[in-house]
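Worksheet: the structure to be examined is printed underneath.
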Amino acid sequence: MIGVFDSGSGGLTILKALKQALPDQDFLYYGDHRNAPYGHRENEQIVDLTRAGVDTLMQSGCKLVILACNTAAAVALRTLQQNWLENHYPGNRILGVLVPMVEAITGLPWTADASPDVKRQDRILLFATKKTVGSGAYLEEVAKRAPNVELVQKACPGLVDAIEGGAGEQPLRGLINGYVSEIDSRGVSAAVLGCTHFPLVEAYFQDALPTGIKILSQPDIVAAALAEYLARHPTFNTVSKGSVELLTSGDPQAASEVGRRFLSQDICFSAA
Ligand code: DGL
């Protein structure tokens with residue numbers, strides 16, 4: 001069983017793509033709805049909450065956990081991998097959404113930081129929460145591997161709350177047009193929607209961006225990366241019934257309602 005952790009409902013966009021790419025895997029999703037959103041929290045809290053969520057998933061039998069939440073991956077992944085995982089769950093693994101996205105942005109494998117590609121020049125946009133942008137994690141990892149790829153970061157305050165709260169098309173387009181109008185998108189080839197909720201409004205981003213800018217779809221890229229990872233690490237390959245179980249730290253009914261709206265399908269969360 002593969003664990004998928006998110007601060008709340010947004011990670012369902014990643015889970016959906018994982019399920020499509022790997023239909024025979026069993027997935028256990030844990031949404032920390034009680035403490036969402038993480039995008040406004042202090043780093044220490046994000047680390048503590050992410051650790052608790054991963055712990056819940058690993059105690060339930062997941063040897064591999066994907067941090068679907070960009071904020072958690074940007075702020076907490078390295079700390080958990082370096083200071084906690086080996087002591088508590090030796091042999092288990094935590095992967096985040098950031099690594100495959102950095103690979104997609106740079107066009108290089110993650111291990112390429114030893115010999116950076118200085119020839120590759122590009123400008124790429126990153127839309128994310130204030131916390132992910134402020135962490136500088138994407139900037140740092142891209143700069144190490146492709147120093148001439150300029151990542152133009154744009155925090156999107158209010159967008160997660162608006163999507164989560166069920167805002168309609170016009171207000172959502174208004175917010176997105178506003179973010180896009182504040183950046184210089186000259187010479188930009190691609191944009192990353194580096195937040196679990198943003199694929200739900202990808203079409204509005206595409207409309208707001210100048211023609212020709214390609215959106216790098218995080219759910220699809222993460223799903224393809226997981227499929228490759230499992231092929232290379234058969235110990236974590238848990239091909240089984242293809243089941244999906246959804247747990248929440250919050251109110252299961254409320255989480256199920258938001259989840260149904262996000263996925264346009266009938267889903268049901270249980271209390272963790
Ligand atoms: N899941 C978060 C992310 O991808 C967005 C919601 C939150 O701020 O908790 O960054």
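The values are calculated or read from the model by the stated rules, or taken from the named source; none is laboratory data. Note that the structure is a prediction, hence the values are computed from the model and not measured. So basically every Cβ, Gly included, is an ideal-geometry build from the backbone, and we count neighbours across all protein chains shown. Accessible surface areas use protein heavy atoms only, side chains included; no ligands, DNA or RNA. Shrake-Rupley method; radii C 1.70, N 1.55, O 1.52, S 1.80 Å.
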Checklist entry - Got a number for residues in the stretch 8-40 being within 21 Å of CYS156 (Cβ to Cβ), in contact with a Ser or Thr (Cβ under 8 Å, 6 or more places away or on another chain) and open to solvent by 30 Å² or more (accessible area, probe 1.4 Å)? => result 4
Checklist outcome for this item: By my count, helices (runs of 4 or more DSSP H) wholly in the stretch 122-210 with at least 2 residues that are aliphatic (A, V, I, L, M) are 137-145, 159-164, 169-181, 202-208
Next on the checklist: Please go through the stretch 122-178 and give me each residue that is buried (at least 21 other Cβ atoms within 10 Å of the Cβ), farther than 20 Å from ALA73 by Cα and of a type in the set (Gly, Ala, Ser), ordered by number.
Outcome noted: ALA146
Checklist outcome for this item: How many residues of the stretch 124-160 are in contact (Cβ under 8 Å) with a residue 12 or more places away in the chain and acidic (Asp, Glu)? The answer is 2
Item to check | Residue under evaluation PRO23, criteria (1) out of contact with any helix residue (DSSP H, G or I) (no Cβ under 8 Å at 6 or more places or on another chain); (2) touching a residue at least 40 places away in the same chain (Cβ under 8 Å); (3) under 22 Å from GLU141 (Cα atoms), criterion not met | outcome: (3)
Item to check | Residue count, the stretch 96-112 (criterion: polar (S, T, N, Q) and either surrounded by 15 or more Cβ atoms within 10 Å (Cβ to Cβ) or closer than 12 Å to ALA143 by Cα (or both)) | outcome: 1
Item to check | Some residue of the stretch 199-215 being open to solvent by 60 Å² or more (accessible area, probe 1.4 Å), more than 27 Å from GLY178 (Cα to Cα) and of a type in the set (Val, Ile, Thr) | outcome: no
Checklist entry - Only one of (1) surrounded by fewer than 17 Cβ atoms within 10 Å (Cβ to Cβ); (2) within 14 Å of the ligand (Cβ to nearest atom); (3) modelled with pLDDT under 95 fails for ASN43. Which number is that? => result (3)
Checklist entry - From LEU15, LEU85, LEU22, LEU77, which residue is within 13 Å of the ligand (Cβ to nearest atom) and either within 14 Å of GLN218 (Cβ to Cβ) or over 16 Å from the mean Cα position of the chain (by Cα) (or both)? => result LEU15
Item to check | Residue list for the stretch 57-74, filter: in a helix (DSSP H, G or I), farther than 21 Å from PRO234 by Cβ and more than 14 Å from the ligand (Cβ to nearest atom) | outcome: GLN59
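Specify the residue that is nearest to ALA128 (Cα to Cα); the eligible residues are those in the stretch 1-33 that are in a helix (DSSP H, G or I) and in contact with a strand residue (DSSP E or B) (Cβ under 8 Å, 6 or more places away or on another chain).
As a first pass, look at the stretch 1-33 and keep what is in a helix (DSSP H, G or I): 12-21, 33.
Still in the running and in contact with a strand residue (DSSP E or B) (Cβ under 8 Å, 6 or more places away or on another chain): 12, 14-15, 18-19, 33.
Values: LEU12: 17, ILE14: 15, LEU15: 19, LEU18: 21, LYS19: 24, HIS33: 19 Å.
Only one residue tops the list, namely ILE14.
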Checklist entry - Just wondering, is there one or more residues in the stretch 135-146 that are within 13 Å of the ligand (Cβ to nearest atom) and not polar (S, T, N, Q)? => result yes
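From the list SER115, SER181, pick out the single residue that is farther than 14 Å from THR71 by Cβ, surrounded by fewer than 17 Cβ atoms within 10 Å (Cβ to Cβ) and either within 16 Å of the ligand (Cβ to nearest atom) or modelled with pLDDT of 95 or more (or both).
From the options SER115, SER181, the qualifying one is SER181.
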Checklist entry - Quick one: would you say THR106 is touching a helix residue (DSSP H, G or I) at 6+ places or on another chain (Cβ under 8 Å), of a type in the set (Val, Ile, Thr) and within 16 Å of the ligand (Cβ to nearest atom)? => result no
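Go through the stretch 214-263 and count every residue that is hydroxyl-bearing (Ser, Thr, Tyr), over 15 Å from ALA21 (Cβ atoms) and touching a residue at least 24 places away in the same chain (Cβ under 8 Å).
Our first condition is that a residue be hydroxyl-bearing (Ser, Thr, Tyr); within the stretch 214-263, this holds for 217, 229, 235, 238, 240, 243, 248-249, 256.
Adding the requirement that they be over 15 Å from ALA21 (Cβ atoms) leaves 235, 240, 243, 248-249, 256.
If we keep only those that are touching a residue at least 24 places away in the same chain (Cβ under 8 Å) as well, we get 235, 240, 243, 248-249.
Qualifying residue count, the stretch 214-263: 5.
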